[in-house]
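The values are calculated or read from the model by the stated rules, or taken from the named source; none is laboratory data. Small disclaimer: the values here were computed from a predicted structure and weren't measured. No Cβ is skipped: glycine too gets one built from the backbone with ideal geometry, and neighbour counts run over all protein chains shown.
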Amino acid sequence: MLEAVIVKKLRDYTLDVTLTVQPGEVMVLMGMNGSGKSTTLNIIAGLLEADTATITLNGECLCRTGDDLDLPVEDRRIGYVLQNSAVFPHMSVRDNVAFGLRARHKKRPVITERVALWMDRMHIADLADVKAGNLSGGQKQRVALARALAIEPHLLMMDEPFTALDAESTQTAKDLTRRFVKEMQIPCLVVTHRMADCTEIGDRACVICEGRKEWEGCPDEMPEFAPVCHCA
Amino acid sequence: MKEKLTLSNLVLISVIFGLLLVSALFAGCTQSTTSTPATTAATTVPVTTVATPVAAATTAVPTTVVTTATPAPTYTATEGNLVAYTAASLTGASSSIGPAFTKAYPNHKVAFNLDGTQALKTQVEAGAYADVFISASNSYTNTLKSEGYFVNDSVKTLTTNYIIVILPASNPANIKSLSDLAKPGVKIAMAAGTVPVGSATMTVLNNSAKSTYGEAWKNSTISNVVTYETSEPAVATKVSLGEVDAGFVYQSTAAASASGTYKTIAIPAKDNYLQTYTIGILKGSTNKAIAADFEQFMLSSAGQQILANYGFTAPKTS
Amino acid sequence: MISRRLLPKKYRRNLTYLAAGILIAGVTLYLALPILALFIRISPDMFFETVHDPNVISALWLSLFTTCITLAVVIVVGTPFAYYHCRYSYPGKVVVDTLIDLPLVLPPAVAGVALLVLYGRVGLLGKYFNMFGMPLAFTTLAVIMAQIFVASPFYLRQAKSLFEQLDPAYEQTARTLGASSLRTLTLVTLPMTATGLISGAVMTFGRALGEFGATIMFAGNLPGVTQTMPLAVYVGMQGNINVGLTISILLVIISFTIMIAVRLIQKREAERA
């Protein structure tokens, strides 16, 4: 379970959000561009510093500003998938998926087994030796997902993961995400600005407007004022 | 949108290209026939020719009143403007010679290209334009004469210079005599062998070794040399900066420097090398009359006085 | 002249090709002919004979030795420097930025004077080095110092620009996957910027190999110790022209070899992708 209380003064407004995500639950963060959604994810990941933040994941404290507690990025066991998938183009798909495991110095047989498992689950096993830079957008996103999940993270975060994909790839990615979040029973935070993504993938949703949580609830009950994009 | 290259276009382009290539090669070939064959390093055996200096009296001869163009010195032949390729050791003197010449010959100006004589010689041989050539080495002068660059009759002895050792004012290595130059750890600067003062230095070292100090001294001194500069003033600079303990330069450099810049160690006349400077008019000059005026000025008492002020030794009359 | 619009299309096209042809031929010849002239001016026999001249061999060895060390130092020190300079903001960053560019516009002779005034025997810092028995001026080390001073901006600016332009998403993702800063740098950042870094290194090598003004001012001119190839060319052309020409040709050959080698490497990288 993820519990986060974050306050950070930004250029135009102050970011002030409180989030709670249950294991196996997909929480969708919606809002206009620049409302602070991505900043929130970066703070939870440890890539940005907040003014005050208290973040706990499965009871373990990732960050408590008051006590000067701040776990470095590489120790937080969070899977993070970005909009442009950020697969390492010079490495093969296999090396990409294995990257996190190798970074954590897992034993060789463990790595081989897990990599094969996740490539299989994401339907990219036949691309194992292809250089990741040569893949299509949808394939890259599945590689990024496999890479993030292979390290068996305690939290999965995704920032606009479907925006650059075509309809079919989007559907595949959504299905895979939901399936494994449920299977692994980890909390999942998805940032998007598209209504369709919210209703198809989210269990709960909240609307962030100018750094503050304006509304939280079921995706079907999203109020009309929510500044979201109704395209696709 | 790329257009397709048709055959006729290709033919056209190759013809143009070929014409350009041929004309360029042609131009290159015609140039190379006039240049002299590659010369090997001049191992100078000093040849001193003592010519009779021209009589002192100068008659102020403004030949024609010409309207000169550029005020700044340029290395091109402009009417009334002379280009003088001058050995670098006359750098200090040149700042006085220029205005004095213009005073004596109004409407005439002289621009100096100051560099090691060897560098100037190479430039002239490569086709550079000059009216007058002041050389610090008889050997280079003779080479240029035999190659046909000089108006041979115009080549005269201008002045002479002895070699001297200069030390920084603080004398960091505590050098008191020539023998101290061979002490281990002493840093010496001299000019490269192709520079006239450099080969003169080698002669001085050889003479001193033979007469007084011995071969071991000479070898130790040479191994103490840390840099072979490409012109005489550069040697003086290294010494004045204090970066070396001693340097071999011309007496004129030491004499003309502000008092207290250097300490000096004289070299006995019997071991010393008397460098002879010559002045001559180049065949390619288009200002031969004015060049002759300049040469006459330099050889006159006015010119010789300036050189004496800057520490040069007047040539002996034979 | 007839108005362009009235000319039939064929003539217009030929005119364009003619102009293009002249331009390309002109530029190519301007660059190629002087190099060709070097090779034509000296006979092959004389070249091979002069190559054995001890001055030529010592200048060749000295140049290659010093330039390789310069390149190694610039890469090993400059890469992490450029990386930290880009990724962190610190007070005075703008000044450092300007200083990196300075040696590019500074005349090499001025650089030499500056190095001499600082590190020379009576220099501001040099006098302390001298006291401890480590003179800097007029040594081979001085040659390397001069080369590093004038050539490092080529690599540093290139590295800086590459690291700045690299999408931070890659490094961030690597960090979240558990990679330390060092692992991220070596497995993600450097491979992705490798091609650009290599071209920066090539430019640095070329600039260091050709360095003259700062070298002769700070390191002096002593065969076997500080007389690099450019100095030897200069001195040679004033006395022994064959030596000057031979070393010039050697420099051309070295430069061409490096450029071709780098092109081949880059082509192979592009083909593998």
Q.
Can you pull out every residue in segment B:209-267 that is away from chain C (no Cβ under 14 Å), part of a strand (DSSP E or B) and of a type in the set (A, V, I, L, M, F, W, C)?
A. B:248, B:249, B:265
Q | Residue, nearest to the chain's Cα centre (by Cα), within segment B:280-292, restricted to residues that are within 17 Å of residue B:104 (Cβ to Cβ) and surrounded by fewer than 22 Cβ atoms within 10 Å (Cβ to Cβ) | A | B:292
Q) Has segment A:121-134 got any residue that is within 17 Å of the chain's Cα centre (by Cα), outside any helix (DSSP H, G or I), in contact (Cβ under 8 Å) with a residue 12 or more places away in the chain and crowded, with 24+ Cβ neighbours inside 10 Å? A) yes
Q: Under 6 Å between Cβ atoms, at least 6 apart or on separate chains: pull out the pairs that start in segment B:173-185 with a residue that is of a type outside the set (A, V, I, L, M) and end on any residue that is outside any loop (DSSP other than H, G, I, E, B) and surrounded by 11 or more Cβ atoms within 10 Å (Cβ to Cβ).
A: B:179/B:213
(Q) Quick check on residue C:210: is it closer than 30 Å to residue C:43 by Cα and either of a type in the set (D, E, K, R) or at pLDDT below 90 (or both)? (A) no
Q) Yes or no: residue C:213 surrounded by fewer than 20 Cβ atoms within 10 Å (Cβ to Cβ) and within 14 Å of chain B (Cβ to nearest Cβ)? A) yes
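Listed here are the residues, each with its yes/no results for (1) surrounded by 16 or more Cβ atoms within 10 Å (Cβ to Cβ); (2) part of a helix (DSSP H, G or I); (3) touching a Ser or Thr at 6+ places or on another chain (Cβ under 6 Å); (4) of a type outside the set (Lys, Arg).
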| site | (1), (2), (3), (4) |
| --- | --- |
| C:189 | yes, yes, no, yes |
| C:202 | yes, yes, no, yes |
| C:208 | yes, yes, yes, yes |
| C:233 | yes, yes, yes, yes |
| C:260 | no, yes, no, yes |
Q.
Can you pull out every residue in segment A:189-232 that is charged (D, E, K, R), part of a loop (DSSP other than H, G, I, E, B) and either modelled with pLDDT of 80 or more or under 18 Å from the mean Cα position of the chain (by Cα) (or both)?
A. A:203, A:210
(Q) Condition first: outside any strand (DSSP E or B), more than 14 Å from chain C (Cβ to nearest Cβ) and among the polar types (S, T, N, Q). Now tell me which residues in segment B:81-136 satisfy that. (A) B:89, B:91, B:94, B:95, B:96, B:102, B:107
Q) Regarding residue B:278, is this residue at negative phi, assigned to a strand (DSSP E or B) and away from every other protein chain (no Cβ under 14 Å)? A) yes
Q. Quick check, is residue C:79 among the polar types (S, T, N, Q), within 14 Å of chain B (Cβ to nearest Cβ) and surrounded by 11 or more Cβ atoms within 10 Å (Cβ to Cβ)?
A. no
Q: Go through the residues of segment C:169-185 one by one and say whether even a single one is touching a residue at least 12 places away in the same chain (Cβ under 8 Å), crowded, with 23+ Cβ neighbours inside 10 Å and away from chain A (no Cβ under 14 Å).
A: no
Q: Determine, yes or no, whether residue C:38 is over 21 Å from residue C:223 (Cβ atoms), within 14 Å of another protein chain (Cβ to nearest Cβ) and under 22 Å from the mean Cα position of the chain (by Cα).
A: yes
Q) Which members of segment C:112-143 meet the condition of being over 22 Å from residue C:69 (Cβ atoms), free of Cβ contacts under 8 Å to residues at least 24 places away in the same chain and not in a loop (DSSP other than H, G, I, E, B)? A) C:117, C:127, C:128, C:130, C:131
Q | Considering residues of segment A:64-109 that are assigned to a strand (DSSP E or B) and of a type outside the set (Ser, Thr, Tyr) only, the residue nearest to the other protein chains (Cβ to nearest Cβ) | A | A:78
Q | One residue from B:189, B:173 being surrounded by 18 or more Cβ atoms within 10 Å (Cβ to Cβ) and either modelled with pLDDT of 95 or more or of a type in the set (Phe, Trp, Tyr) (or both) | A | B:189
(Q) residue C:158 - would you say it is modelled with pLDDT under 95, more than 14 Å from every other protein chain (Cβ to nearest Cβ) and buried (at least 21 other Cβ atoms within 10 Å of the Cβ)? (A) yes
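Here's the yes/no breakdown for (1) closer than 30 Å to residue B:193 by Cα; (2) acidic (Asp, Glu):
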| site | (1), (2) |
| --- | --- |
| C:164 | no, yes |
| C:174 | no, no |
| C:181 | no, no |
| C:201 | no, no |
| C:216 | yes, no |
| C:223 | yes, no |
Q) within 14 Å of chain C (Cβ to nearest Cβ), under 21 Å from residue A:188 (Cβ atoms) and assigned to a loop (DSSP other than H, G, I, E, B), is that true of residue A:148? A) no
Q. Going by the conditions given, is residue B:141 in a loop (DSSP other than H, G, I, E, B) and crowded, with 17+ Cβ neighbours inside 10 Å?
A. no
Q: Considering every residue within segment C:194-203, establish whether at least one is of a type outside the set (Phe, Trp, Tyr) and within 10 Å of chain A (Cβ to nearest Cβ).
A: yes
Q: Select from segment A:1-60 the residues that are among the charged types (D, E, K, R) and in a loop (DSSP other than H, G, I, E, B) and write down the one among them that is farthest from residue A:194 (Cα to Cα).
A: A:51
Q: Hey, can you tell me all the residues within segment A:92-120 that are over 22 Å from the mean Cα position of the chain (by Cα) and basic (Lys, Arg)?
A: A:106, A:107, A:108
Q) In the set C:238, C:266, which member is surrounded by fewer than 20 Cβ atoms within 10 Å (Cβ to Cβ) and at negative phi? A) C:266
Q. Can you pull out the residues in segment A:182-195 that are in contact (Cβ under 8 Å) with a residue 24 or more places away in the chain and either surrounded by fewer than 17 Cβ atoms within 10 Å (Cβ to Cβ) or basic (Lys, Arg) (or both)?
A. A:182, A:184, A:185, A:194
Q: Take the residues in segment B:281-318 that are part of a strand (DSSP E or B) and of a type in the set (Val, Ile, Thr), then tell me which one is nearest to residue B:81 (Cα to Cα).
A: B:281
Q. Would you call residue B:192 among the aliphatic types (A, V, I, L, M), under 30 Å from residue B:284 (Cα atoms) and either touching a Phe, Trp or Tyr at 6+ places or on another chain (Cβ under 8 Å) or within 14 Å of chain C (Cβ to nearest Cβ) (or both)?
A. yes
